[in-house]
Amino acid sequence: MSREVLDNILKFVVRTGKIVIGFNQTLKHVKWGKVKYIIISSNAPESLRSDIEHYAKLSGIPIISYPGTNRELGTVLGKPFSVAFAGIIDLGQVSEDSLKPFVKM
């Protein structure tokens, strides 16, 4: 599946669902068990990436490795700044099946 498809899915999630942005907010919601998916940009800091991947594994939360940079992910999510980490709390009108091909196992 292409990056354009993932971009469109994420834009639709932002419009119809609920997300949290940033390492601290994402990690906090992961610990609370409220996150359904975690999105990590390709150039996210390795130390933070390993922390969030550890908690995701413990909680059984799937991770989507975004193929673009944090600046590109911020643009897709409609933010005027870089976003290295985001958590999807509510998918809105997006089906889980549409995100499955992008999940890193």
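The values are calculated or read from the model by the stated rules, or taken from the named source; none is laboratory data. All of these numbers come straight from a predicted model, not from anything done at the bench. FYI the Cβ positions are ideal-geometry reconstructions off the backbone, even for glycines, and counts take in every protein chain you see.
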request  = Go through the residues of the stretch 74-92 one by one and say whether even a single one is part of a strand (DSSP E or B), modelled with pLDDT of 95 or more, more than 14 Å from residue 9 (Cα to Cα) and in contact with an Asp or Glu (Cβ under 9 Å, 6 or more places away or on another chain).
outcome  = no
request  = Filter the stretch 43-75 for residues that are among the acidic types (Asp, Glu) and under 14 Å from residue 87 (Cβ atoms) and give the result.
outcome  = 51, 53
task = May I ask you to verify whether residue 103 is of a type in the set (Val, Ile, Thr) and crowded, with 16+ Cβ neighbours inside 10 Å?
result = no
request  = Tell me which residues, restricted to the stretch 52-92, are among the aromatic types (Phe, Trp, Tyr) and either exposed (fewer than 15 other Cβ atoms within 10 Å of the Cβ) or at positive phi (or both).
outcome  = 81
request  = Determine whether residue 39 is outside any helix (DSSP H, G or I), of a type in the set (A, V, I, L, M, F, W, C) and touching a helix residue (DSSP H, G or I) at 6+ places or on another chain (Cβ under 8 Å).
outcome  = yes
request  = Only residues that are buried (at least 16 other Cβ atoms within 10 Å of the Cβ) and β-branched (Val, Ile, Thr): list them for the stretch 14-51, please.
outcome  = 14, 19, 20, 21, 26, 30, 35, 38, 39, 40
message = Between a residue in the stretch 65-90 that is over 10 Å from residue 7 (Cα atoms) and any residue that is aromatic (Phe, Trp, Tyr) and surrounded by fewer than 24 Cβ atoms within 10 Å (Cβ to Cβ), which pairs come within a Cβ distance under 8 Å, given they are 6 or more apart or on different chains?
response = 65/102; 74/81; 84/23; 85/23; 87/37; 88/37
note = Matching residues in the stretch 29-61 (in contact with a Leu (Cβ under 8 Å, 6 or more places away or on another chain) and within 23 Å of residue 9 (Cα to Cα)) number 5
message = Given (1) assigned to a loop (DSSP other than H, G, I, E, B); (2) touching a Ser or Thr at 6+ places or on another chain (Cβ under 6 Å), identify the lone condition not met by residue 71.
response = (1)
key: Residue in the stretch 44-64 that is among the aromatic types (Phe, Trp, Tyr) and touching a residue at least 60 places away in the same chain (Cβ under 8 Å) present   = no
task = Confirm whether residue 20 is part of a loop (DSSP other than H, G, I, E, B), in contact with a helix residue (DSSP H, G or I) (Cβ under 6 Å, 6 or more places away or on another chain), among the β-branched types (Val, Ile, Thr) and on the phi < 0 side of the Ramachandran plot.
result = no
